[in-house]
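Notes follow the structure.
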Amino acid sequence: MPDWVDAGVAEYAKRMPRESRIELVALKPAPRGGPAKSMLAVEGGRIRDALPAGCIKVALDERGTLINTMELARRMARWREAGRDVAFVIGGADGLDAALKKTAAMQLRLSGMTLPHGLARVLLAEQLYRALSIIGGHPYHRE
């Protein structure tokens, strides 16, 4: 990943409230060579193995539901009240395994436009920070 991606995600992570821990786990891509469908299944298994047990999975997908920031904040507040970890999953260049997406509580679309992986990471980090600011009554978000 380019340095600006790591710097952008780190900037929003350090702004997060103490009780809202953000952890970015990046998996190295599996070696290429097989059919894309089987590669997605392998990657999906690796992602599932890396997720916290019992977490709420939110799969980022270009065909997912497009919501606004206020709706994201409402959902995050409900998830927080449930007391469970939430994992936002961004797939590789070929997307996410269909089986992994089926197990997600939600499939979320960040934009109607195709975004490079790194930009999606930074955009997601900013939106998580913004949603937590709304929940906490911080003036970062203005309506």
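Values quoted throughout were computed directly from the atomic coordinates according to the rules given, and no laboratory measurement underlies them. Every value quoted in this text rests on a predicted model; they were computed, and no experiment measured them.
In this entry, the chain is assigned a mean projected area of 8.9 nm², taken as a quarter of its C-alpha convex hull surface. A cut-off of 5 Å between modelled amide H atoms, ignoring neighbours fewer than 5 places along the same chain, links LEU110 with ASP61. Mean residue ellipticity at 222 nm, helices only, the chain: -14500 deg cm²/dmol; runs of at least 4 DSSP H residues each add -39,500 (n - 2.57), and the sum is divided by the number of residues. Less than 5 angstrom separates the built amide H of VAL86 from those of ILE56, all sequence-distant by 5 or more or on a different chain.
The phi-based Karplus calculation (6.51 cos²θ - 1.76 cosθ + 1.60; θ = phi - 60°) puts the 3J(HN,Hα) values of the stretch 63-72 at 9, x, 6, 9, 10, 8, 5, 5, 5, 4 Hz, whole numbers, x for Gly and Pro. Converting phi to 3J(HN,Hα) with the Karplus coefficients 6.51, -1.76 and 1.60 and the offset θ = phi - 60°, the stretch 40-46 yields 5, 5, 4, 4, x, x, 5 Hz in sequence order, with x at every glycine or proline. Phi-derived couplings, Karplus 6.51 cos²θ - 1.76 cosθ + 1.60 at θ = phi - 60°, listed residue by residue for the stretch 12-26: 6, 4, 6, 7, 4, x, 3, 6, 10, 6, 10, 10, 9, 10, 9 Hz, with x used for Gly and Pro.
Can you give me the C-alpha center-to-center distance between the stretch 42-69 and the stretch 99-143, rounded to a whole angstrom? Centre-to-centre (Cα) distance: 12 Å.
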